[in-house]
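A short worksheet on the structure shown next.
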Amino acid sequence: MASDNSGKVVKTDDEWRAQLSPEEFQICRLKGTERAFTGALYNEKRKGTYLCKCCGEELFGADTKYDSGCGWPSFFQPADAAKIDEYRDTSHGMIRTEVCCSRCDAHLGHLFPDGPAPTGIRYCINSASLDFMPEDE
């Protein structure tokens with residue numbers, strides 16, 4: 001995996017396409033979104049860790065996942081805030097906060113101010129942007 005001096009993972013679109021499925025590439029690299037309630041990790045209930053699909057960075061712990069009813073995996077906080085970058089997103093006639101992996105710039109989903117305690121925020125994340133590593137492995 002190539003990286004620049006800052007530790008960022010840097011690849012060409014062709015390299016990403018070779019690594020990712022067409023859906024994963026569309027979501028992670030082109031800022032797409034999977035259909036609600038269809039993601040492989042939406043109903044995942046096991047203990048473990050959610051990793052970036054593109055670079056393997058640890059992003060969320062299963063202990064912060066909850067059922068928000070929105071149709072995508074939801075988390076009330078990241079494993080480490082420094083591993084998530086936030087950007088203002090004004091696409092589709094909305095004002096939202098896009099969240100990306102800070103290591104490889106993969107689009108993960110969006111952040112909303114309607115989550116549960118203790119943070120009051122909801123990271124709404126595409127399953128296609130994540131890998132899951134069960135705790136027992």
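The values are calculated or read from the model by the stated rules, or taken from the named source; none is laboratory data. What you see is a predicted model; the values in this text were computed from it and never measured. Positions of Cβ are generated from backbone atoms using ideal geometry, with glycine treated the same way; all protein chains shown enter the neighbour counts.
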Give me the pairs: first residue in the stretch 100-127 and closer than 17 Å to residue 25 by Cβ and modelled with pLDDT of 95 or more, second residue surrounded by fewer than 22 Cβ atoms within 10 Å (Cβ to Cβ) and β-branched (Val, Ile, Thr), beta-carbon distance under 6 Å, and six or more apart or on different chains, which are they?
-> 104/9
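Looking at the stretch 3-15, which of its residues are crowded, with 16+ Cβ neighbours inside 10 Å and touching an Asp or Glu at 6+ places or on another chain (Cβ under 9 Å)?
So the first thing to find is which residues in the stretch 3-15 are crowded, with 16+ Cβ neighbours inside 10 Å, and the list is 9, 11.
Hit for the stretch 3-15 is 9, nothing else.
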How do the pairs read when you match residues in the stretch 79-95 that are of a type in the set (Ser, Thr, Tyr) with residues anywhere that are part of a strand (DSSP E or B), using Cβ under 9 Å and keeping only pairs 6 or more apart or on different chains?
-> 87/97; 87/98; 87/99; 87/100; 90/96; 91/98
Does any residue of the stretch 17-27 turn out to be surrounded by 13 or more Cβ atoms within 10 Å (Cβ to Cβ) and closer than 12 Å to residue 125 by Cα?
-> yes
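Tally time: how many residues in the stretch 109-135 are small (Gly, Ala, Ser) and either buried (at least 22 other Cβ atoms within 10 Å of the Cβ) or closer than 15 Å to residue 57 by Cα (or both)? Reasoning before the result, please.
The initial filter retains those residues of the stretch 109-135 that are small (Gly, Ala, Ser), namely 109, 115, 117, 120, 127-129.
Imposing the further condition that a residue be either buried (at least 22 other Cβ atoms within 10 Å of the Cβ) or closer than 15 Å to residue 57 by Cα (or both) reduces the set to 109, 127-129.
Total satisfying the criteria: 4.
Going by what's in this entry, would residue 7 be described as closer than 24 Å to residue 119 by Cβ and either of a type outside the set (A, V, I, L, M, F, W, C) or not in a loop (DSSP other than H, G, I, E, B) (or both)? Working first, answer last.
Numbers: closer than 24 Å to residue 119 by Cβ: no; either of a type outside the set (A, V, I, L, M, F, W, C) or not in a loop (DSSP other than H, G, I, E, B) (or both): yes.
Judged against the criteria, residue 7 is not a match.
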So residue 56 clears everything in (1) more than 13 Å from the chain's Cα centre (by Cα); (2) at positive phi except one condition, right? Which one?
-> (1)
Residue count for the stretch 14-38, restricted to those that are farther than 15 Å from residue 101 by Cα, in a loop (DSSP other than H, G, I, E, B) and in contact with a helix residue (DSSP H, G or I) (Cβ under 9 Å, 6 or more places away or on another chain) = 5
